[in-house]
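For reference, the structure is listed below as structure tokens.
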Amino acid sequence: MKKILLLAAIIGILPYSVKAQEQSVFTHYTINPVLINPASTGFNGNHEAFANLKHTWTDFPGNPKTYSLTYHGPVAKTFGLGLSIYSEDIASLNRFRAAVNYAFRYKVDKLKFAFGFTTEYSQWSVSNSVRENIFYDSGDEIVEKGIDAINSFDASIGVYGVYNEKTFIGIAFPNIIMARLDGSRGNQVENFDDGGYYMFNVGHKIDVAEGFQLEPSLMLRKARHVPFMADINLRGLFLDEKLMGGLTYRTGPGDIMAIQIGTKQKNFIFYYTFDVAFHGFQNYNNGSHELTLGVSFPAKNRNTPMDGTIEQLKK
């Protein structure tokens, strides 16, 4: 039964995988917003590096696994730069992504905001072992292209802002342009074809007691070839964020409930999430796990990252 389900998943995913670049579905954007919005690059004035591991549908053969390394930080008064590397595997499919994030940040009174964009190289590939599968049809064009690897270029843009250090809001538009880099057929550019894609999030920190804050937030996601999803998040921040915990309810395919715990000790950050889905397939796996380890160091001049103003921009 598991092999049948896995085969069905591969058959359903493969045609889209070799054609497009869906955005990975992370939960830890609450501590590393660069995962969903390039405008947050270097936004808080710290140099930050994160390693993220996400295993979906654990103990199911060929389950999706995602690994990422990200760095971002301020490099000038109004400029932030970031680098990201992703590796994603599901059954015999693999996607490698390398991205560079850029952001320009400004401040007007209590409002800090930034514009950012990402340039990304992506490679899809299929393992040669699929040719040994009894369901493989010799000469299948989609599979053969995948075995040879499909290379693409992509770009994304975003806007992010924080008001009074409490309220944050951002929107990013992934896949604004996609260029196939297949030398044999020439470059092919693919633009919006069904209304565009976006990632919108908004939230607010509420002071409950000394050293204790609640942070409700909402995340709306429309990604390429992925059903619309909405995350309803509630985080608790204790002892100046030395201890963090929360819940996420994600509507979409099957609906998901996630439990989050984390801690920040000096320059080190640890965050873990376990989630289960409310559908029949949950009977065939042991849920999903997401783990993030990070380090955060303030820039030499804490005022530098947000020193830019609209007046400076006009000059």
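Residue count for segment 120-175 satisfying the condition of being modelled with pLDDT of 85 or more, surrounded by 19 or more Cβ atoms within 10 Å (Cβ to Cβ) and farther than 30 Å from LYS205 by Cα: 4. Would you call ASP275 among the acidic types (Asp, Glu) and in contact with a Phe, Trp or Tyr (Cβ under 8 Å, 6 or more places away or on another chain)? So ASP275 fails the test.
Residues in segment 95-119 that are of a type in the set (A, V, I, L, M, F, W, C) and under 19 Å from MET178 (Cβ atoms) were compared, and the one that is surrounded by the fewest Cβ atoms within 10 Å (Cβ to Cβ) is ALA98.
Among the conditions (1) within 30 Å of PHE60 (Cα to Cα); (2) out of contact with any Gly (no Cβ under 7 Å at 6 or more places or on another chain); (3) free of Cβ contacts under 8 Å to residues at least 24 places away in the same chain, GLY254 misses just one, which is (3). Inside segment 271-287, residues that are under 23 Å from ALA49 (Cα atoms) and touching a residue at least 24 places away in the same chain (Cβ under 8 Å) make up a count of 2.
Scanning segment 262-302 for residues that are exposed (fewer than 14 other Cβ atoms within 10 Å of the Cβ) and part of a strand (DSSP E or B), which turns out farthest from the chain's Cα centre (by Cα)? Walk me through it before giving the result.
Initial filter on segment 262-302 (exposed (fewer than 14 other Cβ atoms within 10 Å of the Cβ)): 265-268, 278-281, 283, 297, 300-302.
Checking the rest, the ones that are also part of a strand (DSSP E or B) come to 265, 268, 297.
Values: GLN265: 24, PHE268: 21, PHE297: 22 Å.
Among those residues, the one meeting the criterion is GLN265.
The values are calculated or read from the model by the stated rules, or taken from the named source; none is laboratory data. Since the model is a prediction, treat every value here as computed from it, not as a measurement. So basically every Cβ, Gly included, is an ideal-geometry build from the backbone, and we count neighbours across all protein chains shown.
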